[in-house]
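Novice: The structure follows.
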Amino acid sequence: MPKAEVHCQDCISELGEPFEQVHTWLDELFGLVGSDHRDIRHNVKGVEKVRKMWGNRAAMAAEIHILKDEGCIPEIDTAFNLRMILKPHIYQAFIKEYEGE
C-alpha cells in the first residue's frame, strides 16, 4: 500500500493539488482493522461519499487513490458480500459507515 505522500503526489501530478483529506479519510480505518480497511471505503460507495463530503474533484482524487491500491474501483457485489459474511467486524464497520444512505 502506498504511503499518503505517494497518493498526494499522484493527485498533484494529475489534479494539481494533494487532496490530503481524501487520502486520510480513505485510510483512517487502517489502525482499526488493518488492510481490511479497504473493504470499507476503497469502493464505489467510498468514492460517492467523498463526492458528497468534498465534491467532484475530491472524488477524482479518491478514484486515483483506490486505483493505485486496488487496480480497479470495486463495486459492491456478491463477492464483496461474501467477504463481509466471513469478516463480521468489517461488515459491522461497513454498515456503520454507510447507514442512512
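Laboratory data are not the source of any read-out in this text; all were calculated from the coordinates shown. Worth saying up front: this structure is predicted, and the values here are computed from it rather than measured. Glycine gets a Cβ as well: all are built from the backbone with ideal geometry, and neighbour counts include every protein chain shown.
Novice: Within the range 48-59, take every residue that is farther than 13 Å from Gln21 by Cα and not basic (Lys, Arg) and give me the one that is surrounded by the most Cβ atoms within 10 Å (Cβ to Cβ).
Specialist: Across the range 48-59, the extreme among qualifying residues is Glu48.
Residue-wise test of (1) in contact (Cβ under 8 Å) with a residue 24 or more places away in the chain; (2) among the hydroxyl-bearing types (Ser, Thr, Tyr); (3) surrounded by 13 or more Cβ atoms within 10 Å (Cβ to Cβ).
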site	(1), (2), (3)
Phe19	yes, no, yes
Leu32	yes, no, no
Ala62	yes, no, yes
Ile95	no, no, no
Glu99	no, no, no
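Novice: Something else: Grab the helices (runs of 4 or more DSSP H) fully contained in the range 6-77, keeping just those with 3 or more residues being more than 12 Å from the chain's Cα centre (by Cα) and either under 25 Å from Ile95 (Cβ atoms) or polar (S, T, N, Q) (or both).
Specialist: Values: elements: 20-27, 30-33, 38-41, 44-54, 56-70.
The qualifying helices (runs of 4 or more DSSP H) are 30-33, 44-54.
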